[in-house]
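Just so it is clear, none of the values below were taken in a lab; they were calculated from the coordinates. It should be emphasised that the depicted structure is a prediction, and the values quoted were computed from it without experimental measurement. Methodologically, a virtual Cβ is constructed for each residue, glycine included, from the backbone with ideal geometry; neighbour enumeration extends over all protein chains shown.
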Amino acid sequence: MRGRSVGALVTLSVCAFAYVTTETLPIGLLLPISADLGVSQSRVGLLVTWYGLVIVLTTIPLTRLTRGVPRRFLLGGLTAVFAVATGAAAAAPGYGVLLIARLATALSQALFWALALPTATSLFPARVHGRVISVIMAGTSLAAVLGVPAGTWLGQRTGWRSPFFVLCALGLAATVTIFALIPTTAPDEAPSARGSTPDVRRYRLLLVLSVLAITGSLASFTYVTPFLVTVSGFALATTGALLLARGVAGIAGVFVGGVLADRHPWIATLAPVLLQTVALLGLYALGAVPVVAVVLVALAGAAYSALTTVLGSRFLQVAPGRTDLAVAGLSTAINIGITAGALVGGVLLTHGGVRDTALAGGMLSLAALAAVLIEPRLSRPATDRTAVDRDQRDPPRLRRPVAGPS
């Protein structure tokens, strides 16, 4: 049984890798896609914009709509949709078909994130849930460090369609593995179907914290290349290696965050937010010093990856209703932060300067830090304690499911 659980966990991590690579790969293949399909580069860029918008708008509704479907069938169906849609994108004769295929992939990804963490943690004891989540989140970090660069390299040499065909094959393999390894259980019967310490006020605070911290991170990171060139004085040709260092630091942050989340959840939340705040404000103040800039960019990457891992664990703990709906809320908050961060950074880049993106990111991170420091002052409401007592008395399948967050 343990071997099957580990195999299922690795498969979900591979799915995370495939989804994130697919989401952002058009950025690296912007020029060849534009030339092959005869459309502007800005229209190719919209393939990523619309993809993210679909995730923001549909994650929670789709999670509510499919709440009664066993996760084995739902996850297997999602990866099958991913494989078919990605294959259709690779074979697309024109921009319209490519866009529709991308939107179908985005719909499957929206629901995947709501299911992957609760499904994976249900296969393992609660004491290692943070580390389980870190394995899945490692897939997202590897997508940035390995998936997108490798896909870009392959697409530039063999045509932009080739990496999408490879991802299609990966999706088909994942579909078969999910049906073989993930058990068929009703959603309400899974051990992690509901939060272990439900607390609606902490849940809402963590949502706010997520939006602030992610917006702060992306306000700076989206424009880190021009920052390193114009403020730190690096040659453009060296920025790829510098971003690789950030990605490697991010992978380390994922696993450190997972271990810490299992042992000290609040400290695990505090540490990356504090580190990100210091790193981004440090970039604003000392970014002109090349060595310092490299170290701070890497630390910001480690903090971001650690935080997303920790938040996954915390949301499963404090979920006031179903954990899939709680994680759907987290996914929505993260994608709102990504979009808002890029927008804030873009406005500052146009009307201020690239150095201001680090300042804005640091100030938003400081606001997130304030939210972390408020959390210990929140006592659990009596309604949440009553819900926990009821959970202990009655098996989940004998009572009507509790509505998730709206």
**helices (runs of 4 or more DSSP H) contained entirely in the range 123-238, each with at least 3 residues that are among the polar types (S, T, N, Q) and under 20 Å from the mean Cα position of the chain (by Cα)** = 129-142, 200-221
**Asked** Of the conditions (1) crowded, with 17+ Cβ neighbours inside 10 Å; (2) closer than 30 Å to residue 39 by Cα, residue 91 fails just one. Which one is it?
**Response** (1)
**Request:** Scan the range 12-27 and give yes if some residue there is more than 25 Å from residue 166 (Cα to Cα), hydroxyl-bearing (Ser, Thr, Tyr) and crowded, with 20+ Cβ neighbours inside 10 Å, otherwise no.
**Result:** no
**Request:** Would you be able to say whether some residue in the range 39-52 is within 17 Å of the chain's Cα centre (by Cα), exposed (fewer than 15 other Cβ atoms within 10 Å of the Cβ) and of a type outside the set (Lys, Arg)?
**Result:** yes
**Prompt:** Can you tell which of 263, 201 is in contact with a Pro (Cβ under 7 Å, 6 or more places away or on another chain) and surrounded by fewer than 18 Cβ atoms within 10 Å (Cβ to Cβ)?
**Reply:** 201
